[in-house]
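Bear in mind these aren't lab numbers, they're just calculated from the coordinates by the rules spelled out. Treat the numbers as computed from the prediction; the structure is a model and nothing was measured. Here the Cβ positions follow ideal geometry from the backbone for every residue, glycine too, while neighbour counts run over all protein chains shown.
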């Protein structure tokens, strides 16, 4: 009789463990789809085609118009950087590239979301550029997002290491720029 209860207990455990697998996957699918839709909507809004002259977006306009899409810490650091640059004319003391498109040149015609990678309570989303119907070989940027207070927020933007060897993400670049500004003048 004891043997039978052990076998039944093992069978119940196996059934419970395996039956929960599809539910876990099903729970990930809607959140990843929601994340994908949020990021794609942002990039479709942000990257207004050049044909719509006068409607171009900038990091500053994104912060003003879509501030709730950014984590408060990232928002504060970006605003600090924009304010520092606004105080200085003729000298570059802040970001010298578009942190959402990872370029200081002409942006790609379109941007499309690729794979989504859950990492340490956040989601990293591959974003590719599209020109003449061809997708870039590598992601041009990987926004990092968290779902907070029933909506998505960008918490950081990650870049290809070869583009920014010392600082592969926006927060570390903003920190390095702030530290450089705080150094005493020589």
Taking the alpha-carbon centroid of each part, what is the distance from the stretch 63-93 to the stretch 122-147 in angstrom? 23
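Test of understanding: what is the full-extension gain from residue 151 to residue 63, defined as 0.36 nm times their sequence separation minus their Cα-Cα distance?
30.1 nm
Can you put 127, 93 in order of Cβ neighbours within 10 angstrom, beginning with the fewest? It would help to have the intermediate numbers written out before the result.
Values: 127 23, 93 15.
Taking fewest neighbouring Cβ atoms as first place, the list is 93, 127.
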Rg(Cα)/(2.2 N^0.38 Å) for the stretch 29-182, N = residue count: 1.03
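Could you grab the relative contact order for the stretch 29-182? Cα pairs under 8 Å, six or more apart, rounded to a whole percent.
Here the relative contact order equals 21 percent.
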At R0 = 22 Å the Cβ-Cβ FRET efficiency linking residue 92 and residue 175, nearest 0.05, sits at 0.85
